[in-house]
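So the structure is just underneath, and the comments pick up after that.
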Amino acid sequence: MIKQPIKTLIVEDDPADFVLVKQSLLKSERHRYQIRHIAEFSEASEALYGDDYDLVLLDYFLGHHSGLELLQQARQSQLSKPIIVMTGNNSPELDDMLMKEGAADFIPKDELSTSLLDRSIRHAIERKEAELEIAELVRRDPLTGLGNRNIFEEHMELAIARAKRTRSKLAVLFLDLDRFKDINDSLGHHVGDLLLTLVGERLRRSVRKSDFVARIGGDEFTVLLDNVEDSENVTRIVEKIAREMQRPAPVSNTTLDITVSIGVAIFPENGELAIELMQKADMALYESKARGAGNYHFFTDRLQAQLIHGLETEKELRHALRKQEFELYYQPQIDLETEAIVGLEALIRWNRPDGQVMSPAVFIPVAVRSGLIVPMGQWVIEAACQQIQLWERAGIHIPVSVNVSPRQLKYQGFLDQVLQCTRHYQIRPGMLELELTEEALIENGFSHSDTLTSLRKSGIRIAIDDFGTGYSSMRYLREFPLDRIKIDKSFVSEDGVKGLREPAITHSIISLAQGLNLTVVAEGVETREQKRQLQRQNCRVCQGFLYYKPLRVDELEPILREQGISNKNNGSR
């Protein structure tokens, strides 16, 4: 129950309707309401920017204006307070339109009651609070308080645009604590966490206020040096950071001697795109570590040659597509209560002519950059559909998820290819699921909405993969036709940690998904303790090495038959 009075802004130009709404609120036994009434559109337009209300009850018809205009204004201004629309027009089309514009709920006036208002207001406020909590959690590193990868990339994009306008330089630094794993293993993760916090503080002190520091994972930090004069200027800052890090580090009941390895890339010499500069700074970091602890290294021509090697990989990938050198492995998804297999994720592997089985982590980045991800992705969908059909004919009924890249989703013929494939292999509704990253959804705004709607109408499920690692927008969860959220493994597991790595984030994501009637899958579950914690948070499905690694078809089929996967498992998850 919400204990404080709910400050409610009622925008209603009909005096009789206002009295009706007000009386309904004042009859509530669950909540207390502090009511402010506005009748004019212009006054309401200004009031939206205030901070003296928790929620808006908005009449759809406001004289010559409509509530839709206020909704659009609130969305464009990124206002965070929930807005519930009331109207005498009880049509599904209007309901859909209002929800797409960001309305928290839609209430027909002829159904207005105290209980309905109470329930709608409570759900709207709780859902908005969960959205804001998740938005903040996924942009900040909870341990150090620094930004995470998401916000760092945002700052980079802005800084690069500014540098282009002013013809200035900037530098990207990747930093890695040397021998951090040894510290964790010998002194424990508590000491490791304290050390990471100390390193974050020292980094902030070592750079200017205009620079930006982030922790992007584990013991890896990044620094954006804005408006630097030249490489000598960058070198001085890098050496200052290195000296600061080499000072004795008092942590818990001990003092540690630490060093960092640093990789550097400079704009515009080493690239003009954020992702390119980060890639090159990361390559320079690995070169630095190869030279021994406490070193730093700038991106060089030799490292550029390694990028050229990527072009060779691209050539080999084209040959592999022609020669059908790819194979699908399948990782089971597990019901946490019964520990039964309830689904599979299809994962591509490359069987090279030299006998090596290549992980997608090696070749997918090259495929994305070259555009080969489109035909490769189509091959994956077709191979998965073919396998579903083979299993169905053999009496094995199990849903399969397939990953779809942003570039693949943007391909003009994507929808037709997928629908043609499902028709050809007679895929039943619910048996195929497409997993999209947040990047894939957000990259082109809502231009994909019709595509996803058509896919869902044909019985294909839609999931967001690696949720929380991209530019999370709760609006997309509400407005895209989605079925599931997959919690990224970076929030679930970490080397040497038995419990959940980020329990606050997993709990927030699960709660938000439940509020939106979306199911959840937790990726990367490796320990029984992680399983138990996820169960306590009401997560029902997981996948990870605790149960199964990705398996070939011949390894998987005996397991499916042993578990009796048949008509009882018909695609409902």
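Using R0 = 30 Å, the C-beta based FRET efficiency linking D554 and S454 works out to 0.30. For the stretch 305-459, just say rounded, prolate or oblate: build the C-alpha gyration tensor, square-root its eigenvalues into a ≥ b ≥ c, call rounded for a/c under 1.5, and beyond that prolate if a/b exceeds b/c, oblate if not. Judged from the Cα gyration tensor, the stretch 305-459 comes out oblate (a/c at least 1.5, b/c at or above a/b). Per 0.36 nm of contour for each residue apart, how much would the distance between R532 and D301 grow if the chain were fully extended, relative to their Cα-Cα spacing? Computed gain between R532 and D301 is 78.2 nm.
Could you work out the relative contact order of the stretch 6-137? I mean the mean sequence separation of Cα pairs under 8 Å and 6+ apart, divided by the number of residues, in percent. Walk me through the numbers before you get to the answer.
Working: 187 pairs, mean separation 32.5, N = 132.
After rounding, I find 25 percent.
Amide H contacts under 5 Å for T8: Q34, I35, R36, D54, restricted to partners 5 or more places along the chain or on a different chain, H placed in the peptide plane at 1.01 Å from N.
Full extension of the chain segment joining M97 with T259 gains 52.7 nm, where the gain is 0.36 nm per residue of separation less the Cα-Cα distance.
Sorted by average packing, counted as other Cβ atoms within 10 angstrom per residue and highest first, what order do 122-133, 485-496 take?
Result, highest mean first: 485-496, 122-133.
Given a Förster radius of 60 Å and the C-beta distance between L116 and R423 as r, what FRET efficiency does 1/(1 + (r/R0)^6) yield to the nearest 0.05? Kindly include the intermediate steps, with their values, before the conclusion.
Values: r = 43 Å, r/R0 = 0.72.
With a Förster radius of 60 Å, E is 0.90.
So what is the diffusion coefficient of the chain in µm² per second by Stokes-Einstein at 20 °C and 1.002 mPa s, using a Kirkwood Rh over Cα pairs? Stokes-Einstein gives a translational diffusion coefficient of 80 µm²/s.
Where both bridge residues fall in the stretch 6-137, DSSP classifies roughly 10% of the beta bridges as antiparallel.
When the helix-only estimate is applied to the chain (DSSP H runs of n ≥ 4, each -39,500 (n - 2.57), divided by the residue count), what is the mean residue ellipticity at 222 nm, nearest 500 deg cm²/dmol? Kindly include the intermediate steps, with their values, before the conclusion.
Values: 21 runs with 261 residues, N = 573.
Computed mean residue ellipticity for the chain: -14500 deg cm²/dmol.
Phi angles of the stretch 315-331 translate, via the Karplus equation with coefficients 6.51, -1.76, 1.60 and θ = phi - 60°, into HN-Hα couplings of 4, 5, 5, 4, 5, 5, 5, 5, 8, 6, 8, 9, 9, 9, 9, 10, 9 Hz per residue; Gly and Pro are given as x.
Peptides 108-121, 531-544 ranked from most to least packed by the mean count of surrounding Cβ atoms within 10 Å: 531-544, 108-121.
Among DSSP beta bridges lying fully in the stretch 309-562, give the percent that are antiparallel, nearest 5.
Working: 15 of 37 bridges.
The answer is about 40 percent antiparallel.
Look at where the Cα atoms of the stretch 269-342 and of the stretch 495-518 average out, and the two centres are 28 Å apart.
Taking amide hydrogens as placed 1.01 Å from N in the peptide plane, the amide H of A522 sits under 5 Å from those of I487, V541, C542, Q543, each at least 5 positions away in sequence or on another chain. Computed from backbone phi with θ = phi - 60° and the Karplus coefficients 6.51, -1.76 and 1.60, the 3J(HN,Hα) list for the stretch 229-239 is 6, 6, 5, 5, 4, 5, 4, 4, 5, 4, 5 Hz; x is used for glycine and proline. Please say if the stretch 149-299 is rounded, prolate or oblate, where rounded means a/c under 1.5 for a ≥ b ≥ c the square roots of the C-alpha gyration tensor eigenvalues, and otherwise the choice is prolate for a/b larger than b/c and oblate otherwise? The shape class here is prolate. Computed from phi, the 3J(HN,Hα) profile of the stretch 23-30 under the Karplus parametrisation 6.51, -1.76, 1.60 (θ = phi - 60°) reads 5, 4, 5, 5, 7, 4, 9, 8 Hz, with x in place of Gly and Pro.
Under the simplified labelling scheme, the E562-R208 pair shows an inter-label distance of 6.3 nm, with each label point 7 Å from Cα along Cα→Cβ.
How high is the relative contact order of the stretch 342-452? Use alpha-carbon pairs under 8 Å, at least six apart in sequence, and give a whole percent.
Worked out over the stretch 342-452, it gives 29 percent.
Bear in mind these aren't lab numbers, they're just calculated from the coordinates by the rules spelled out. Not measured: the values here are computed from a predicted model. Reconstructed Cβ throughout: ideal geometry from the backbone, glycine too, with neighbour counts over all protein chains shown.
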